[in-house]
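Please treat every number below as a calculation from the coordinates, not as lab data. In this text, all values refer to a predicted model and were calculated from it rather than measured experimentally. No Cβ is skipped: glycine too gets one built from the backbone with ideal geometry, and neighbour counts run over all protein chains shown.
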Amino acid sequence: MINRRSRFAVFTILALIACGSVAWADTDKVLTRVKGRVSVQRDGTTGFKSLSGSLGVRDESIARTGTKSAAMLALADSSEIDLGEKTQVRVGAFDRDAEVAGRTISVDNGALKFTIRHPAGSRANYRFVTPTAQIAVRGTVGLLIVTPSKTTLICLSCSNDDIVVTHDGTDESVGTGQVLQLVGIPGSQSVIRLPLKGFIDPALEQFLGDTYKNALAKAAPAIKAAMKPRATPNPCASNASTNRVSSDTPSEQFDSVTSKPGCK
């Protein structure tokens with residue numbers, strides 16, 4: 001017969017396991033405001049809340065930037081996604097059971113710069129989904145500009161097969177210094193290939209100009225601190241984690257508290 005002390009020990013172990021899974025999900029991805037107005041729908045179902053610093057975001061969270069705004073999404077494998085102004089993305093869970101393990105990031109609109117680190121294997125580990133294309137990415141630096149009827153992909157540093165763009169059942173590859181545009185709705189798209197040299201788009205200046213670089217430099221300490229490994233893997237060291245988040249009403253603020261089941 002199990003005595004009270006044994007039952008408590010079993011409960012404690014189960015609680016630590018539960019806490020570990022919750023904490024990992026919350027710190028797997030960190031969203032940081034670089035400048036301007038940045039908001040996040042942390043679980044994909046609640047209302048959008050304005051972000052003033054850094055915040056660990058859950059799977060299926062939606063990040064949104066306003067006019068003349070920017071944010072940085074840092075991922076566990078050191079990959080980084082810079083969000084330009086008027087951009088909205090949804091970050092999916094990391095799928096280890098898929099044929100090609102990886103993460104899906106849905107881009108509804110806007111512009112972003114991605115720096116994806118090479119995985120251990122030879123298959124793509126990130127997939128960007130836009131209204132007009134699916135883009136498999138592995139170990140690449142590039143830019144993505146999205147509207148409801150056009151996807152523009154710019155490869156800044158790519159090796160062979162680092163990027164594969166799928167549209168209307170067809171695969172397209174993109175190399176360093178190339179621009180690929182898919183124009184039109186699925187089923188009736190045209191493909192345009194251009195050299196990067198001489199290509200002009202206002203969205204590019206967000207990431208290549210000094211204004212963005214300076215703003216990113218100012219936000220670097222917050223990004224580094226948010227992604228710094230914890231001194232101890234025990235997530236139950238405290239009963240809850242608190243993030244300072246402001247609501248969509250500038251005069252209101254609240255502490256976003258992530259409770260940890262089973263922690264006392």
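Just subtract the alpha-carbon distance of Asp168 and Asp59 from 0.36 nm times their residue separation and send over the number in nm, one decimal.
Using 0.36 nm per residue and subtracting the Cα-Cα distance, I get 36.4 nm.
What does the charge add up to near Lys68, with Lys and Arg as +1, Asp and Glu as -1, over the other residues with Cβ less than 12 Å from its Cβ? Spell out each step's value before the answer.
Values: positive: Lys35, Arg37, Lys86; negative: Glu85, Glu205.
Summing Lys and Arg as +1 and Asp and Glu as -1 gives +1.
Please get the size of the charge dipole for region 158-212, origin at its Cα centre, with Cβ charges of +1 on Lys and Arg and -1 on Asp and Glu, quoted in debye to the nearest 20.
On the way: 2 positive and 8 negative charges, 36 e Å.
In debye, rounded to 20, region 158-212 gives about 180.
Amide H neighbours of Lys86 under 5 Å, counting only residues 5+ apart in sequence or on other chains, H built in-plane at 1.01 Å?
Thr65, Gly66, Thr67, Lys68, Ser69
In a shell of Cβ-Cβ distance under 14 Å around Val183, excluding Val183 itself, what net charge do Lys and Arg (+1) and Asp and Glu (-1) give?
On the way: positive: Lys150, Arg193; negative: Asp168, Glu172, Asp201.
It works out to a net charge of -1.
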